[in-house]
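Structure record follows, encoded as structure tokens.
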Amino acid sequence: MKNHRRSFLKGTAALGTMSLVGFPHIWSKNYSLARAADGEIKVGVLFSLTGTTAIIEESLNKATILAIEEINAAGGINGMQIVPVIEDPASDPATFAEKARKLVLSDKCVSVFGSYTSASRKAVLPVFEKQNNLYWYPTLYEGRECSKNVIYTGAVPNQQQDDFVPWLVEKFGKRWYLIGSNYIYPKEENNYCKKLLAELGAEVVAEEYVPLGHSEFSSVINKLKSEKPNVIFSTVVGDSVVALHRQYHAAGLDPQTMPMASLTTSENEVAAMGGAAAAGHFTSAPYFMVWDSPENHKFVDAYKKRWGADKVTHFVSEPSYFQVYLFKQAVAKLAESDIDPNTIREAVKGEGLVAPQGKIKVEPENLHTWLWPKIGQCKADGQFEILKQSADWLEPSPYKAYPNQLCTATGLQES
Amino acid sequence: MKVPGKTTSQIAIYAAVCIAILLVPLVLDDAFLLNKYARYLVFGMLAVSLSLSWGYAGILNLGQAMTFGLGSYCMAMALKLKTIPVHTGSDGLPDFMVWNNVTELPWFWIPFHSLAFGVAAGILVPVALAALLGWFVFKGRVTGVYAAIITLAAMVVVQLLIIDQQRFTGGFNGITDLAQFEVAGFAFDAYGSSSYYLVAGCLAVTLFLALFITKSKTGLILQAIRDQEDRVRFFGYDVALYKIFVFSVSAGIAGLAGMLYTIVMEFASPTFLGVPLSLSVVIWVAVGGRQSLLGAMLGALVVTGVQGALSESETFLETWTLVMGLLFVLVVLFLPKGLAGAFEKIAARFERTPPGAVAESTAPRSEPIKSGREIEGVS
């Protein structure tokens with residue numbers, strides 16, 4: 001009994017001292033300057049776990065967590081553990097901005113991995129630019145952004161279209177029907193697509209935008225039947241992708257003569273619409289789950305083992321995964337006392353690694369990523385068959401449709 | 001004799017709360033928390049605006065976020081034109097217009113070059129729209145749930161317009177990359193105490209303005225309209241006019257709150273006019289107590305504060321929405337008059353305990369209310 005009490009007292013005293021040592025930030029006022037302390041590096045993980053985009057963003061959250069766990073299990077970064085601070089921004093831009101502030105100002109994270117939609121990126125951007133922190137954005141997007149506070153690891157229009165559009169014109173023909181959701185991403189993709197089509201002498205028979213979340217495509221199907229385009233170029237997103245494919249399938253249209261070519265249909269959307277509706281259509285992306293490489297087999301196996309055998313990986317979850325490794329490589333080059341968003345940004349410039357999709361690297365000028373575009377055709381089992389990979393990795397040019405503008409390390413240059 | 005006494009103590013309580021809110025930056029020097037609390041105070045102001053129309057005039061406005069969002073966009077438009085367009089560099093056009101191949105600033109954007117115009121528009125546009133909507137609704141003697149549905153529908157229409165007209169509004173992404181709000185060379189930093197004081201000051205002014213309205217003769221007539229609209233009409237009052245008035249004032253306060261929201265959040269988004277936010281306001285007011293301006297405000301602070309804390313704690317990361325839902329159900333079931341009602345009950349119990357003169361003086365006050373209720377129940 002007595003012994004117990006004594007050991008209890010000892011234990012409490014030890015715990016007390018430990019907490020004093022373990023949480024020096026309570027005592028030291030300069031804690032805010034030491035971003036990496038006590039062998040820990042704090043990073044934010046900002047993907048919606050509730051709300052309208054939760055399904056896709058949860059898969060990005062999972063890929064990010066997987067990479068962090070793998071790195072920590074392998075000894076961390078120079079012996080320091082990565083500590084993720086996970087927040088749920090609930091698919092709401094205002095909540096995104098609030099949580100980003102918390103991660104940057106209150107948790108003092110050195111970097112934040114996050115977000116899927118352009119709207120949420122735009123909402124957090126002022127936080128990262130004014131506080132000079134670093135945001136790692138894994139999603140393909142419309143380009144035309146030049147921020148020194150964002151590392152973009154998803155594809156920009158030139159990386160998805162440069163191979164895809166000429167290939168489709170040669171294989172199917174020159175009459176194109178452009179359809180997209182009504183917001184900035186499809187409009188920018190189509191701006192670039194029209195430029196490529198003009199160079200190839202192809203013709204745009206219609207350019208149409210439907211409201212976000214639109215699910216009634218019968219008038220579109222009718223127009224397709226009367227116009228008979230060679231290619232339907234689709235930048236419809238979210239639930240609308242599922243509705244469009246299903247109604248196309250139900251109307252009995254034939255992917256062999258009038259295929260849909262999409263930049264946004266991944267394994268994730270195909271799983272939602274069912275393989276039958278997706279079969280025969282094309283997607284261009286730097287990554288497909290079936291890609292045959294040792295790195296990808298390792299990624300897919302680890303992902304399924306950690307999160308469930310029925311889970312799919314796709315072209316946004318793959319960058320979510322490899323960008324954490326890019327972060328690791330950048331931080332590993334720094335001394336512990338030097339770790340802050342500025343030094344990480346400088347260290348990640350030109351940094352490369354072999355990702356599941358192939359060897360990638362961060363372009364020092366615009367902080368976008370060199371990627372390996374691929375063309376996939378969907379099969380009835382919900383997976384893609386990869387028909388073509390670009391001969392070489394492709395440079396990211398976020399302003400390719402606008403030759404007088406160039407994103408450089410010092411900001412946007414106009415000529 | 002009683003009513004002025006009650007009013008004095010009410011003013012004292014309101015003043016005490018306002019002073020407490022204004023003192024926060026003195027003890028708190030944390031950019032993140034100041035910014036967060038300023039955001040909550042904006043929600044408090046929004047709740048006050050709804051309490052004024054719902055709690056005091058019986059107009060359940062499910063579209064309160066419409067006027068809030070319009071205020072927010074007016075401020076964002078003015079601040080957008082103040083930025084150096086770092087992302088485009090083209091002739092002072094906002095970046096999203098360049099993306100949408102707009103070559104010239106649209107006519108309705110031009111006056112927003114003046115910040116003063118933006119601020120005035122942020123209040124007057126919501127007021128004008130509310131007055132117009134109120135004219136149709138209340139002159140047409142639409143009441144109750146039908147009026148609520150119309151307000152909700154109007155908000156959805158405005159939101160859809162903003163999302164659809166992305167060439168002029170930034171569409172789904174909203175208006176981002178804004179300049180700081182600056183008055184006479186003084187910049188309000190979204191993360192500093194200056195913005196907090198701005199929000200807290202505006203909140204104090206609105207609270208007292210709203211309190212003044214409810215205490216005025218107009219306020220009494222509005223409460224009479226809430227309780228028995230026909231009877232007021234038979235007395236010869238123009239019920240619709242009073243309703244339009246309070247509906248517009250409420251819209252003006254919401255517009256002001258929206259402008260402050262843009263300053264604190266540094267962007268405007270169509271989600272600010274969304275159904276989720278609009279219904280949240282109703283919940284805040286219901287939790288706080290709709291027949292108390294202060295209660296409604298505190299309701300907003302408590303609900304958004306708990307929501308923020310829950311969703312940030314690791315334990316509730318997966319379940320916080322569920323916990324929030326449960327809390328609302330409990331409040332509605334057990335505190336039908338909200339937190340303010342609960343406080344009043346506790347205060348009444350304390351008043352009743354001392355025996356003698358005090359107890360006697362409270363007794364007659366409760367009686368007429370009781371009989372009033374009985375009449376209401378009969379009719």
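The values are calculated or read from the model by the stated rules, or taken from the named source; none is laboratory data. Every value quoted in this text rests on a predicted model; they were computed, and no experiment measured them. Please note: Cβ atoms are built from the backbone with ideal geometry, for glycine as well, and neighbour counts cover all protein chains shown.
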Looking at A:Lys361, A:Lys374, which one is buried (at least 17 other Cβ atoms within 10 Å of the Cβ), under 20 Å from A:Leu168 (Cα atoms) and touching a Ser or Thr at 6+ places or on another chain (Cβ under 8 Å)?
A:Lys374
Specify which of the listed residues (A:Glu189, A:Glu207, A:Glu199) is among the acidic types (Asp, Glu), more than 27 Å from the chain's Cα centre (by Cα) and modelled with pLDDT of 90 or more.
A:Glu199
Restricting to the range A:244-267, what's the tally of residues that are assigned to a helix (DSSP H, G or I) and buried (at least 20 other Cβ atoms within 10 Å of the Cβ)?
4
Is at least one residue of the range A:151-172 more than 18 Å from A:Thr265 (Cβ to Cβ), within 11 Å of chain B (Cβ to nearest Cβ) and of a type in the set (Ser, Thr, Tyr)?
no
Residues of the range B:186-231 classified as basic (Lys, Arg) and either free of Cβ contacts under 8 Å to residues at least 12 places away in the same chain or within 14 Å of chain A (Cβ to nearest Cβ) (or both), total
2
Pair list, Cβ < 8 Å and 6+ apart or interchain, from the range B:308-320 residues that are closer than 19 Å to B:Ala38 by Cα and at the interface with chain A (Cβ under 7 Å from one of its Cβ atoms) to residues that are aliphatic (A, V, I, L, M) and surrounded by 18 or more Cβ atoms within 10 Å (Cβ to Cβ):
B:Ser311/A:Ala90
Can you report the number of residues in the range A:191-243 which are part of a loop (DSSP other than H, G, I, E, B) and of a type in the set (S, T, N, Q)?
2
Could you say whether any residue in the range A:88-102 is surrounded by fewer than 20 Cβ atoms within 10 Å (Cβ to Cβ), at the interface with chain B (Cβ under 7 Å from one of its Cβ atoms) and modelled with pLDDT of 90 or more?
no
If you check A:Val270 against the conditions, is it aliphatic (A, V, I, L, M) and assigned to a strand (DSSP E or B)?
no
Does B:Phe181 meet the test of being touching a Cys at 6+ places or on another chain (Cβ under 9 Å) and either within 14 Å of chain A (Cβ to nearest Cβ) or surrounded by fewer than 19 Cβ atoms within 10 Å (Cβ to Cβ) (or both)?
no
Need at least 3 residues that are over 24 Å from A:Pro93 (Cβ atoms) per element, so show me which helices (runs of 4 or more DSSP H) inside the range B:75-190 make the cut, counting only ones lying wholly within it.
B:115-139, B:144-164
For the range B:51-59, state whether one or more residues are surrounded by fewer than 24 Cβ atoms within 10 Å (Cβ to Cβ), out of contact with any Gly (no Cβ under 6 Å at 6 or more places or on another chain), over 24 Å from B:Val205 (Cα atoms) and away from every other protein chain (no Cβ under 14 Å).
no
Unique residue being of a type outside the set (A, V, I, L, M) and crowded, with 18+ Cβ neighbours inside 10 Å when the list is A:Ser218, A:Ser240
A:Ser240
Among B:Ser269, B:Ser292, which is of a type outside the set (D, E, K, R) and more than 14 Å from chain A (Cβ to nearest Cβ)?
B:Ser292
Can you pull out every residue in the range A:68-86 that is in contact with an Asp or Glu (Cβ under 7 Å, 6 or more places away or on another chain) and either aliphatic (A, V, I, L, M) or buried (at least 22 other Cβ atoms within 10 Å of the Cβ) (or both)?
A:Met80, A:Val83, A:Val85
For the subset of the range A:363-411 comprising residues that are touching a residue at least 60 places away in the same chain (Cβ under 8 Å) and in contact with a Gly (Cβ under 6 Å, 6 or more places away or on another chain), which member is farthest from A:Pro259 (Cα to Cα)?
A:Pro398
So for the range B:324-333 (the condition being surrounded by 15 or more Cβ atoms within 10 Å (Cβ to Cβ), modelled with pLDDT of 80 or more, assigned to a helix (DSSP H, G or I) and away from chain A (no Cβ under 14 Å)), does at least one residue qualify?
yes
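What about A:Leu134, is it out of contact with any Cys (no Cβ under 8 Å at 6 or more places or on another chain), more than 27 Å from B:Thr319 (Cβ to Cβ), among the aliphatic types (A, V, I, L, M) and within 12 Å of another protein chain (Cβ to nearest Cβ)?
No.
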Looking at (1) in contact (Cβ under 8 Å) with a residue 12 or more places away in the chain; (2) surrounded by fewer than 21 Cβ atoms within 10 Å (Cβ to Cβ); (3) within 16 Å of B:Gly71 (Cα to Cα); (4) not hydroxyl-bearing (Ser, Thr, Tyr), which is the one condition that is false for B:Gln159?
(2)
B:Arg141 versus (1) loosely packed, with under 15 Cβ neighbours inside 10 Å; (2) of a type outside the set (Val, Ile, Thr); (3) under 17 Å from the mean Cα position of the chain (by Cα): which is the lone unmet condition?
(3)
Residues in the range B:84-91: is at least one within 14 Å of another protein chain (Cβ to nearest Cβ), among the charged types (D, E, K, R), touching a residue at least 40 places away in the same chain (Cβ under 8 Å) and surrounded by fewer than 24 Cβ atoms within 10 Å (Cβ to Cβ)?
no
Consider only pairs whose beta carbons are under 7 Å apart and that are at least six residues apart or on different chains; among these, list those whose first residue lies in the range B:163-176 and is within 15 Å of A:Glu142 (Cβ to Cβ) and whose second residue is among the hydroxyl-bearing types (Ser, Thr, Tyr) and in a helix (DSSP H, G or I).
B:Asn173/A:Ser118
Taking the range A:147-168, which residues are more than 14 Å from A:Ser115 (Cβ to Cβ), buried (at least 23 other Cβ atoms within 10 Å of the Cβ) and either hydrophobic (A, V, I, L, M, F, W, C) or over 15 Å from the mean Cα position of the chain (by Cα) (or both)?
A:Ala155, A:Val156, A:Gln161, A:Phe164, A:Val165, A:Leu168
Could you please find all residues in the range A:133-145 being surrounded by fewer than 24 Cβ atoms within 10 Å (Cβ to Cβ) and within 18 Å of A:Pro364 (Cβ to Cβ)?
A:Glu145
Conditions: (1) part of a strand (DSSP E or B); (2) touching a Ser or Thr at 6+ places or on another chain (Cβ under 7 Å); (3) over 30 Å from A:Ala67 (Cβ atoms). A:Trp136 meets all but one. Number of the miss?
(3)
Is it the case that the range A:106-116 has a residue that's in a helix (DSSP H, G or I) and either surrounded by 21 or more Cβ atoms within 10 Å (Cβ to Cβ) or away from chain B (no Cβ under 11 Å) (or both)?
no
